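Single-structure report; data block below.
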Ligand SMILES: Cc1cc2nc3c(=O)[nH]c(=O)nc-3n(C[C@H](O)[C@H](O)[C@H](O)COP(=O)(O)O)c2cc1C
């Protein structure tokens, strides 16, 4: 008999097999909707079309599935983690607040999924502490949504693996001292300059340079900072904010400052300018990320944050609260 340690190790080993996440639903003999989260789903046959999944003998849904002529398998989309959690709660009223559609045999069909398979129960097999259900697919539908994954006991997102991802050139390229096209600094730098280049027309329209723009962006997060505080925050870009910049922004009615060298506040005109610049920045971002799905965008941003964190020399955080406290107008 397997020890607790054996069965934990076995579970962990199985967890290295990444799967999608499904919710399997049916209707019991009394007409009650019933379902649970399952990742034991798999395809079996193309002709006839068949799928399988397995249900723990301990499941409160066992009688319902054993006695049902039909069931439906829902492949969950990336944003359906809360639904997955709801259907993984033993015996809960899992359909509360949902308005399911009806499929073959009256089984409840959930919406917003990546794919749904309506099945006629074809076979049931003993499978140790599980029962294996094999269904013949009698109808299915499919939406182009990113799937929710499960790996190592945690939810995960799918990222496509392009051939280019295997390239490994770095600073030396193919000759010493020569930069390869996969050098991180080049990739991040070029992406930044090209993305920021899209903003130039909007900046020119407002007669602002990059230093002005960085300073205004910092004030947009939290105003009431001094030019020196802003200079410390944007210094990593190479931009040098001087008191002359602050003076010029004040003269043009974009910021207000009470005394030379004092704290700066965005005026209404300054806020309007920032809103227009933010719209241009958003449009540039959407263009740049247009070829990515939501998962890839989230992954790219997540990885860039890691690089920012691992290279941070200890810069002040513009999003940390506290700047300008007690100085509000
Ligand atoms: C990602 C994930 C996958 C799961 N896969 C299965 C499975 O394949 N079979 C199963 O019986 N339980 C599976 N479970 C556990 C059930 O969803 C859970 O035990 C649920 O409470 C059963 O509900 P019931 O007892 O009301 O039927 C899974 C849970 C999660 C979170």
**Q.** Ordering of 34-41, 8-15 by burial proxy (mean other Cβ atoms within 10 Å per residue, highest first)
**A.** 34-41, 8-15
**Q.** Relative packing of peptides 94-100, 202-208 - highest average C-beta neighbours within 10 Å first
**A.** 202-208, 94-100
Q) Distances over 20 Å make up what percent of all Cα-Cα pairs in segment 198-311? A) 48 percent
Q. Listing 273, 25, 3 from the residue with the fewest other Cβ atoms within 10 Å to the one with the most, what is the order?
A. 3, 273, 25
Q. Ranked by Cβ crowding within 10 angstrom, fewest neighbours first, how are 265, 319 ordered?
A. 319, 265
(Q) Among 42-53, 227-238, 301-312, 182-193, how do they line up by average Cβ neighbours within 10 Å per residue, starting with the highest? (A) 227-238, 42-53, 182-193, 301-312
**Q.** Rounded, prolate or oblate (a/c below 1.5 giving rounded, otherwise prolate when a/b exceeds b/c) for segment 37-149 by Cα gyration tensor
**A.** rounded
Q) If you line up the Cα atoms of segment 37-98 on their principal axes, what length do they span on each, largest first, in Å? A) 37, 30, 19
Q) What percent of all Cα-Cα pairs in segment 1-76 falls in each 10 Å bin, counting up from 0? A) 16, 40, 31, 12, 0
Q. What shape does the chain take by its C-alpha gyration tensor, where a ≥ b ≥ c are the square roots of the eigenvalues and a/c under 1.5 counts as rounded, a/b above b/c as prolate, and the rest as oblate?
A. prolate
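Every number here is computed from the coordinates shown, using simple stated rules; none is lab data. Predicted, not measured: the structure shown is a model, and the values here were computed from it. Glycine gets a Cβ as well: all are built from the backbone with ideal geometry, and neighbour counts include every protein chain shown.
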